[in-house]
1. In nm, give the distance between the simple-model label positions of residue A:107 and residue A:86, each being 7 Å from the Cα along the Cα-to-Cβ direction.
2. Ignore the peptide's own chain and count Cβ atoms of other chains within 10 Å of each Cβ in A:46-53; give me the average, rounded.
3. Can you list the distances in nanometres, one decimal and ascending, from the residue B:73 label point to the identical position in each other copy, with the point 7 Å along Cα to Cβ?
4. Can you tell me the relative contact order of region A:14-120? Whole percent, Cα pairs under 8 Å, sequence separation 6 or more.
5. When chain B is turned about an axis onto chain A, which of its residues keeps its C-beta closest to that axis, and how many Å is it?
6. Put a label point 7 Å from Cα along the Cβ direction on residue A:44, then list its distances to the equivalent points in the other copies in nm, shortest first.
7. What residues from region A:87-120 fall in the zone where the backbone N is under 15 Å from a label point 7 Å along the Cα-to-C-beta line of residue B:100?
8. How many nm separate the modelled label positions at residue A:48 and residue B:121, each set 7 Å beyond the Cα in the direction of the Cβ?
DNA sequence: AACATTAGTTACTTGAAAGTAAGTATCTCA
DNA sequence: TGAGATACTTACTTTCAAGTAACTAATGTT
């Protein structure tokens, strides 16, 4: 009998995939990294800090991060409006692992770039 | 003076992003997880194990993983052809961190699903 | 002679993520 | 009086990752 890999049956409905898919989009990880460095940050400050994100994608990504409980959104009923975003404990616990990945990428990127260059030839 | 977030200047050329982007695609992580469980695996066995990947995407993803030195491809000059894929040491070192993320996702997915449900209402 | 096997390639299509640009509400300040 | 600030929303367009399906080479098998 062959060894079975149970993990991968019905993988399309896999909840792990559902959760991790959100780490694979273009902006979520970056926003978490930024909010992990500060107490909180307002919308426009985030926009300027990241630089190349559109307002729309900033809004969309912040909403999904909020929906997952990774960041907290606080509205101050002032005019002009003030909205502050901060990372939650859950977000911080994820960020620990993301930072490990970033460290790994920094440690290995030279070797990887070299591998890619070799591979093309 | 405000605190600067150096990490994010010129982020589009950021090598960390270049490396981690490949973790964000649909199949790379899954293939690494499979190859992390066995000594090696042939193309068609991988295809059947994953189930819902197309031949094309399996080829494409294996090629990029190979280009990054995360897996090794060995061709045996037989007919019909035999090609074996195995994870490299570099791939294993990445997999450690990926598995941490998977563990985190498993630990937190219930809470996250609950948060998402609440958020929609 | 035709079918199976293996590990692909090729050409075309689709769909979802992301981008663009303009509009919105409300107040303050010059 | 009209321009600026803030945090968006909306409608439309683009892009590219991924999917589909057919084709390939070389040999062994019936």
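Every read-out reported here was derived from the displayed coordinates using simple, explicitly stated rules and does not represent laboratory data. If you're wondering where the values come from, they're calculated on a predicted model, not measured in any experiment. Note: ideal-geometry Cβ built from the backbone for every residue, glycine included; neighbour counts use all protein chains shown.
1. Going by the 7 Å Cα→Cβ label model, 3.3 nm.
2. Values: counts 0, 0, 0, 4, 3, 5, 4, 1.
That works out to 2 on average.
3. Between copies, matching label points for residue B:73 lie 4.4 nm apart.
4. Values: 82 pairs, mean separation 27.2, N = 107.
Reported as a whole number, the value is 25 percent.
5. Reported as residue, whole Å: B:24, 2.
6. Those separations, rounded to one decimal, come out as 6.3 nm.
7. A:92-108
8. If labels sit at residue A:48 and residue B:121, their model points lie 4.0 nm apart.
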